[in-house]
1. Within region B:330-351, track down each residue that is acidic (Asp, Glu) and within 20 Å of residue B:398 (Cβ to Cβ).
2. Can you find a residue in region B:652-673 that is at pLDDT below 85, touching a Gly at 6+ places or on another chain (Cβ under 7 Å) and either of a type in the set (Phe, Trp, Tyr) or within 30 Å of residue B:585 (Cβ to Cβ) (or both)?
3. Suppose the filter is within 43 Å of the chain's Cα centre (by Cα) and farther than 30 Å from residue B:714 by Cβ; does residue B:473 pass it?
4. Restrict the check to region B:275-285 and report whether at least one residue is surrounded by fewer than 21 Cβ atoms within 10 Å (Cβ to Cβ), within 43 Å of the chain's Cα centre (by Cα), closer than 23 Å to residue B:451 by Cα and among the β-branched types (Val, Ile, Thr).
5. Within region B:166-182, which residues are surrounded by 15 or more Cβ atoms within 10 Å (Cβ to Cβ) and more than 11 Å from every other protein chain (Cβ to nearest Cβ)?
6. Return yes when residue B:417 is within 40 Å of the chain's Cα centre (by Cα) and modelled with pLDDT of 80 or more and no when it is not.
7. Going through region B:630-648 one residue at a time, which ones are at pLDDT 85 or above and surrounded by fewer than 17 Cβ atoms within 10 Å (Cβ to Cβ)?
8. Taking strands (runs of 3 or more DSSP E) that fall entirely within region B:663-761, which contain at least 1 residues that are surrounded by 24 or more Cβ atoms within 10 Å (Cβ to Cβ)?
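The values are calculated or read from the model by the stated rules, or taken from the named source; none is laboratory data. Bear in mind the structure is a predicted one, so any value in this text is a computation, not a measurement. Note that each Cβ is placed from the backbone with ideal geometry, even for glycine, and that neighbours are counted across all protein chains shown.
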Amino acid sequence: MDESLILLIILSLSLGAGCWLIFIWAVKKRQFDDTEKPKHRMLDDD
Amino acid sequence: MTSLSCNSCHHCGIVFRWEPLRHVSADGTLKLFCCRGCQSAYQLICSAGLEDFYLRDDRSVPTVKETAAIHFNDDDLIRHLVPEGELCRLDILIGGITCPSCIWLLERMISRVDGVSDVSISYAGGIASIRFDPVLCRPSEIFLSIAGLGFAPRPYSPALSDQVARRERDDLLLRLGTAVFFTMQLMAYSYSLYAGYFQGMGGGIRNILQYASLFVATPVVFYCGWPFISGAWQSLRSRSPGMDLLIAVGALSAWFYSTWAVFSGHETYFDSAAMIITFVLLGRLLELSVGRTAMSGIEALYAAVPQRANLLNGTTSNEIPVDDVRPGDMLLVRQGECFPVDCIIVEGETEVDQALVTGESIPVFVAPGRDVRAGSVNIASPVTAQALRPAGQSYLMRVAALVQMAQAAKPSLQRLADRVAGWFVPAVILLSVLVCAWRLGVTGEGIGPAMMVALSVVLIACPCAMGLAVPAAVLAACSRSATLGIILRSGDVIERLAGIDCAFFDKTGTITMGRPQVLELTISQGFSEKFILTLAASVEHSASHPLARAIVEFSARSGVLPAECRDFTVFPGRGVSGIVADGQRVVCGSAVFMAEQGVADADSGGMTDLSDTAVFIAISGKYGGRFLLRDQVRHGAGTLISLLSARDIDLRLLSGDTQQVAEKVAHQIGMNIAHGGMTPDQKLQLVRETQLSGRKVLMVGDGVNDAPALASANVSCSLTGSSDIALENADVIITGDDLARLGTAHRIARKTMVVIRQNLAWAFVYNIIGIPLAMCGMLTPIYAAVAMTVSSLLVSLNSLRLMRIKHNG
């Protein structure tokens, strides 16, 4: 019981950490600099 | 695939005021254009294969001006290049971007220039970042491709302050993202622990969950919460307790207590520590994301003055850098060029457009002996001018210096919440320490229960609601304002705007439209109105003078389109002449011009108003009629004045015009006090003097001449279409022509302050009830955490009420 709980905690932490690392990468890549344009861009054909 | 309609330009969409240009496109349909500029922009777009642009229904592009020859100097532009490996990067600030379609078009047009490898334009700031191969293409080619579409490109070097602001925002974003991630993990453990608290839980599982909580809460408190901890340390050292201190004390005490509890088998409260930090970080980020512009108005002022001047040497002229111009040098200023320094005209007559310098949109006639300020545009014919001052001491540069000084002198405002926290924080900390000491010393409890009671005092007092009280209301107010066409530069503008008791208005361009309109037309006997209008429009439609445009517009509104006109001649400052279809010579212009042209009986009677202008028309030497033009008062000005005076605000009109004209306009809109003949320094002086008497000043203006006063006023306001330097210094920007929106902005500001006070009062009442309960030990930290969430929600909902404010309601 205790072992499975520890396993689950580690599993959820590593899953979450994956998302967190992607988020850090996105900030460093300046993905959040201009949040206005992409929503218009999707309406363009090309 | 057809144009919008048969009476508007296919490119820019303006409704024709004159005979349109016809153009048959490749697929055989007829396209109509308002001017050659728009036609060539259309051809450019089509030749690039981007006809799809005209299918977009959200497009609104600027009318392309037919300027003599737009000229960009590679030597000047090269200084702005940033080398990036084989390629170069060039940042360009593009003026005139109004919609996503502009960006769509610009990105495609620029990327079609040979050698450009990628283009990205930010929607918010209008800044294009272009990477290109300097071997294949020169920067001026890129500039020309932008200018050819009617947009105004300007080299842009990001100011240091912008980079700092961006780094700050990125840092905050990283901390918030991290806090959200860890707090989410933490919640899973905490809810299990809460369930265990009420229903019972095995000691082993409880311990595992507590260790996991400790593991994820630590980075939230010490990394994400670092800005608060260091802020708290600074506020301790400067002995000015603020919000940061309360947050840091709350979070740190919860963390230390819980860490101790993990090892001694008590309940933990890591989630409270993490929640506080996450919520307040969110509030900070919301505050920071309110209205940001990348534009530096002072840079724009410097950019307005050309970098080069044409020095006359006997009969030849050569280009020299403007910094090398010495007083006394003879300069040649061609048509369409800007005066590089303050000069005196020596030879030639022309008209100059001083819109940038004085905000006056009507061109001024200048003859030898008249002085002209740097930054004015020569619009009629080439002149020789003698430099009066070196470039660095020109009028424009002096204004820039005044603005910089006024900006530096403006005191930075303390956050409202900080001021509330100033006395609140020490009181809370003192209380919790006292309670802890009391429980330990007098009641004789153990350290654990005593600490627990002290902790619940800090937690119940802790500022989730207080941290959200201001940002939530400010954000709601800003987003509501934005949908009503009011842009608030930052959150603290609201507090300052609500507190003004004195408002100064510039006249030309602010209270008035800054462009004349035809008021009435008197026709001499024997002519029909339609006949006069047709002739006037035919002659005037080739002229670029605002008076001429007003007459053409007036004719178009009466349903008259211009006809053909030959031998069109401009007499600078006096009028125009031309020969119409049936061979009659038509002259249009001032009373003096009529006398020169030998026209008798020009009737100037009935001119009651000094600010009015009369334009006379004569056909084959016979007087035909008179147009009376006036710079109309802007829509909503009267409403605004009555709104503000009803709220007991002292109103004054400041104008560079004569006292009589200023008083006349002031009277017209119901204002009592007018100051005429004001220079930029005097406007600044008046603002400063009023502030010294303890009053809070709102300054509304649009021109370069208002910029120093705008920069030093408590709150400044400009309308879109104002000069860049005025916009840069404006705390409030009104979009569109309706001045009454400023009244709405003021009402929103006052309502927001009411909501903020309600929020803070709620947080306060909640503390008054909660703290004694916590001190008696009746409120365990679990209930304190629940109460915290409920009160945050209440504060957010109260703030949302601001979203229902209506314009003029």
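1. At the first step, the residues of region B:330-351 found to be acidic (Asp, Glu) are B:337, B:342, B:347, B:349, B:351.
Selection gives B:342 alone.
2. No.
3. Spelling it out, it is not the case that residue B:473 is within 43 Å of the chain's Cα centre (by Cα) and farther than 30 Å from residue B:714 by Cβ.
4. The answer is no, given that none of the residues of region B:275-285 is surrounded by fewer than 21 Cβ atoms within 10 Å (Cβ to Cβ), within 43 Å of the chain's Cα centre (by Cα), closer than 23 Å to residue B:451 by Cα and among the β-branched types (Val, Ile, Thr).
5. Within region B:166-182, the first condition is being surrounded by 15 or more Cβ atoms within 10 Å (Cβ to Cβ), and the residues that meet it are B:166, B:169-170, B:172-182.
None; the set is empty.
6. Details: within 40 Å of the chain's Cα centre (by Cα): yes; modelled with pLDDT of 80 or more: no.
So residue B:417 does not fit the description; no.
7. Listed by number, the residues that qualify are B:642, B:645, B:646, B:647, B:648.
8. Values: elements: B:673-675, B:697-700, B:715-719, B:732-734.
Strands (runs of 3 or more DSSP E) meeting the threshold: B:697-700, B:715-719, B:732-734.
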